[in-house]
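The structure appears below as C-alpha cells.
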Amino acid sequence: MNVKKIGFLAKAFCYVTLTTACAQQHKLIDKKATTETKNLYKNLFKLMDKGIMFGHQDDLAYGTTWKYEEGRSDVKDVVGDYPAIFGWDIGHIEYKKANNLDTVPFAKIREYVKKVYDMGGVNTISWHVDNPATLQHAWDNTEATTSILPGGKNNARYTEWLDNVATFLKSLKGSDGKAVPILFRPYHELNGDWFWWGKKSTTVKDYVALWKFTVHYLRDKKNVHNLIYIYNTNTFSDTKEYMERYPGDDYADVVSFDNYQFAKLGSDQSELALSSAKYMAQVKNGLRILDSVATKHNKLPTFAETGFEVIPAKDWWTQTLWDTIKDFKISYVLVWRNNGYTEADKQSHYYAPYTGQVSADNFKDFYKLDRTLFEKDVAKQHLYK
Ligand code: BMA
C-alpha cells in the first residue's frame, strides 16, 4: 500500500471511530493564526509527553522585595532558571492606561513578552477588565454583561475597549519581528461569583454570547491572529458544572481551571496537612474531569492558576503540588504573583518562593524532577518552529 493510501485510510478510520488517534491534528479556532501560533499549539501537545511546564505570574516584573530589576526573577534567584511560562495581566488596557491594574507599565509587559519569546518561553495573558457598566473594578459584580452585548447601551464602550485590547496584543513582537503567540485567558474563573462576568451576575446565555462576541471581534474584525484561547473555570465538582458555560469547540483551544490551597495564617502542622488533603482531592477530581474533556474535545488541558499564599508548608512543591499533578497530562501549572508585603493589605501576597523562603529548598527538588519543565528545558524544544 502506498503512503498516500495509508494516510487516507488512517484519516477515514479516525473519522468513523472518533478515537483519540484521530485527535492528532490540533487545529486552532483561528484558521488565520500566524505560523508561530499554530506551531506553538501543536508543540505544546507534544511537550506534554516530556512533562509539565512551570509558570509564574509577573515573574520578570517584580518579586517579593524588588521591582523592575533587569533579568531578575524570584524563581531564578532560587533555582538558577526562569519559569517556562510567564503570566501577565492586561486589566486597564481598556482605558489605554500606561499601567495595568497592579501598576505594571504596559510598556514593560511588552518588553517582557518579547524577552520570553526570544528565549523560547511561553506567554499567557489574562484580563481583569473593569466592570463596563459601573467602571469599578473587575470584582464589582454588578450586572453588566447584557449591556455590552450587541444592542446593549454599553456595547459601543465595549467594542472600544476591545479595540484597545487588539492594539496591545498586536503590538507584541519578538526580535524577529513576528507577532508573539499568546495563550489568552479572558473572563476566567467563570463559575465563581466574584467577577462581573461570573455566575452570580451573568447568565449562561450571556456568558457564551460575550465569549463568542469577543472572539469574533478580536479575530475576525480586528484581525488579531496571535491568540490561543483558554476557557477557564474555578474549582468545580463535575463535568456538568465544568461545561455549563463552554462556548463550543469552535471557540476555545485550551481547557483549564484555577484552584488554590487555603489555610489560615499561622496554621499548625495538622491544619496544614488537612488543607493539603482537601486541595489534593479537589484538584485531582478537577484534573480527572479536565483530562476527559480535553480528550473528547481535542483541546489542550492545563492548570492555569494555583498556589498556596505565602507557601507556609515547607515541602509543598514536591509533597503537595507535584503529588497532585504528576499523573496527569497537562501543559503547564502556573502560580500567581509575588507581590510581597504591602501596607495597604497589611499582609504578604506571594506564591513562588524567594531566596530564604521556607519552601525554597523543596522548590529546588521540584525543579530537579525530570518532568518539571523550566525555561532551559523548553528553549531546547523550539516551540515556535
Ligand atoms: C489577584 C490578586 C490581586 C491582583 C489580581 C490581578 O488574584 O493578586 O492583587 O490585582 O490578581 O493580578
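Points worth noting:
- Ordering of 60-68, 271-279 by burial proxy (mean other Cβ atoms within 10 Å per residue, highest first): 60-68, 271-279
- Backbone amide hydrogens, once placed in the peptide plane, bring N191 within less than 5 Å of N234, excluding anything fewer than 5 places away on its chain.
- Sulfur and carbon atoms: percent of accessible area, segment 27-379 [1.4 Å]: 51
- For segment 214-346: accessible area per residue (Å², 1.4 Å): 41
- Averaged per residue, segment 67-191 has 36 square angstrom of accessible surface, using a 1.4 angstrom probe with ligands and nucleic acids left out.
- Value of Rg to Rh for the chain, rounded to two decimals, is 0.96; Kirkwood radius and Rg both from alpha-carbon coordinates.
- Qualifying GluC sites (Glu not before Pro) in segment 293-366, where qualification requires a DSSP coil assignment and no more than 12 other C-beta atoms within 10 Å, comprise E343.
- Ordering of 313-323, 371-381 by burial proxy (mean other Cβ atoms within 10 Å per residue, highest first): 313-323, 371-381
- Segment 48-67 and segment 313-385 have Cα centres lying 7 Å from one another.
- Shape category assigned to segment 124-187 from the gyration tensor of Cα positions, a/c cut at 1.5: prolate
- Taking θ as phi - 60° and the Karplus parameters 6.51, -1.76 and 1.60, the scalar couplings of segment 308-315 work out to 10, 3, 6, 5, x, 8, 5, 9 Hz in sequence order, x denoting glycine and proline.
- Net charge dipole size for the chain [Lys, Arg +1 and Asp, Glu -1 on Cβ; Debye, nearest 20]: 1780
- For segment 80-123 and segment 139-196, distance of Cα centres in Å: 16
- Listed residues F86, V116, S147: farthest to the positive end of the dipole of segment 27-379 (Cβ charges): S147
- Over all other residues within a Cβ to Cβ distance under 10 Å of H26, the charged ones net out to +4, with Lys and Arg as +1 and Asp and Glu as -1.
- Placed amide H near I182: partners under 5 Å, 5+ positions off or other chain: L227, I228
The values are calculated or read from the model by the stated rules, or taken from the named source; none is laboratory data. Just so you know, these numbers come straight off a predicted model, no measurement behind them. Backbone-built Cβ (ideal geometry, glycine too); neighbour counts: all protein chains shown. Note: areas computed on protein heavy atoms with side chains; ligands, DNA, RNA excluded. Shrake-Rupley method; radii C 1.70, N 1.55, O 1.52, S 1.80 Å.
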